[in-house]
Every structure is written in structure tokens, then in C-alpha cells.
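Nothing in this text is a laboratory measurement; each read-out follows from the coordinates by a stated rule. Everything numeric in this text was worked out from a predicted model, so none of it was measured. Every residue, glycine among them, receives a Cβ derived from its backbone with ideal geometry; neighbour counts consider all protein chains shown.
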Amino acid sequence: MKKIGIFYGSSTGITSEVAEDIAKFMGVGSNDVHDVAKSAPSDVAGYDVLILGSSTWGAGNLQDDWYDFLDGLEVLDLEGKVVALFGCGDESMSDTFCGALGELYMRLQKTGARFVGYFNADGYSFDESPAFIDGVYVGLLLDQVNHEELTEARLKEWTEQLKKEIG
């Protein structure tokens, strides 16, 4: 069985709550759910699968705690690890919706990790997203501000998809 670690950055608590929900749906214990503000990039070493989540701020920026963590993470050799991304945003920020996922995805390309968990953004209304790369959304996009009613079903569908993709 593959060991799963969930790492998130959350300013208001929404992304933290989503991380806990993902853990529940994936059968991941609370000891394997990590706030990047209290973690070191080397903490990913013991995991086969990394589920990474960030809220999006300002003009599509990562949640603040991610910057130092990501600086360390992107220089690691993650060959053989599987990475899935999730993010919280506000579709009314219609040019940068869930942009933090795009930054995580792009910056981790050189690590050798294999990405899974591409997901649709049906039901949202925005102009563009930095998380839309090469014709796909690079992870699960959630809008707890305008479409909280879609979250639980999306989480269930995405986590079931992940279980199949991870093997």
C-alpha cells in the first residue's frame, strides 16, 4: 500500500478543512496531514504520494506559507513519487481562479514526480485560470466562497479518481 502525505497552506482555515476532508475520503490518518507552515520540505521523503493544496490570493498567488516550503521542495528529487494538487479559490477572481495550483504544477515539473488528479472545472464561471495547462486543469479546483454546494461531491469524485490513478 502506498503511503500518502497531504501538505497544505491555509490562511483562513478553508484549505485546512479541505485537506482534512481529503484525508477522510482517502483513508489518511491525521499524522499524515501537514501544514506547510509547520513542516520542512524533507518531510515528504517518507511518502509515495503527495497531495498538495493551496489557496489562491491576490493576482493568482500561492498562500504565503508555501513560498519557503516550495523553494525547498522544487530542488528535491521526487522521481518515483506521485503528486496530486488541490486548491481553493474564488471564481469572481476570473483571471486568476485557483492560480496557485498552476504555480505548484509548473515549479515541480523538474522534480521528476508523476502528476495525477487532473479534474474538470464544470459548474464554475471564470475567464481563465493559471491552473489550466496544456488543455487540462492540473488538479481539483474548489470555490468555497461561491459554490460550497459543489465541494463534497467534487471531493468524493476526485478522491475516487485518485485511488484508481495511484493504484
Where in the chain are the DSSP H helices whose C-alpha atoms run 30 Å or more along the long axis and whose mean Kyte hydropathy is at least -0.5? none
Long-range amide H partners of Gly53 with built H, under 5 Å: Phe7, Tyr8, Gly9, Phe86
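Using only C-alpha atoms and all pairs of different ones, pull out the Kirkwood radius for region 6-96 in Å with one decimal.
13.6
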Among Leu141, Leu62, Leu76, residue whose mean-square fluctuation peaks in a GNM of the chain (springs only between Cα atoms under 10 Å): Leu76
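Packing-wise, with mean Cβ within 10 Å as the measure, how do 18-26, 109-117 rank, highest first? Before the final figure, lay out the partial values.
Numbers: 18-26: 19.2, 109-117: 15.9.
My ranking of the peptides, most packed first, is 18-26, 109-117.
Are any of the pairs Lys2/Lys24; Lys3/Lys81; Lys38/Lys81; Lys24/Lys156 more than 20 Å apart by Cα-Cα distance, and if so, which?
Numbers: Lys2/Lys24 16 Å; Lys3/Lys81 10 Å; Lys38/Lys81 22 Å; Lys24/Lys156 10 Å.
Beyond 20 Å: Lys38/Lys81.
Among DSSP beta bridges lying fully in region 76-167, give the percent that are antiparallel, nearest 5.
Details: 2 of 8 bridges.
Percentage antiparallel, nearest 5: 25.
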Hey, if you put +1 on the Cβ of every Lys and Arg and -1 on every Asp and Glu Cβ in the chain, which of Leu78, Ile51, Ile22 ends up farthest toward the positive end of that dipole? Leu78
With the 8 Å Cα cutoff and a minimum separation of six or more residues, region 35-157 has a relative contact order in percent of 26
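Across all directions of projection, what mean area in square nanometres is found for the Cα convex hull of the chain?
With the hull built on Cα positions only, its mean projection is 8.5 nm².
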Where in region 7-48 does the amide nitrogen come within less than 20 Å of the point 7 Å from the Cα of Glu74, taken along Cα to Cβ? 7-10, 36-45
How much mean residue ellipticity at 222 nm does the chain get from its helices, if each DSSP H run of length 4 or more adds -39500 (n - 2.57) and you divide by all residues, to the nearest 500 deg cm²/dmol? -9000 deg cm²/dmol
Scan around Asn61 for amide H atoms under 5 Å from its own, H built in the peptide plane at 1.01 Å from N, and keep only partners 5 or more places away or cross-chain. none
Here the percent of antiparallel bridges among DSSP beta bridges lying wholly in the chain, to the nearest 5, is 15
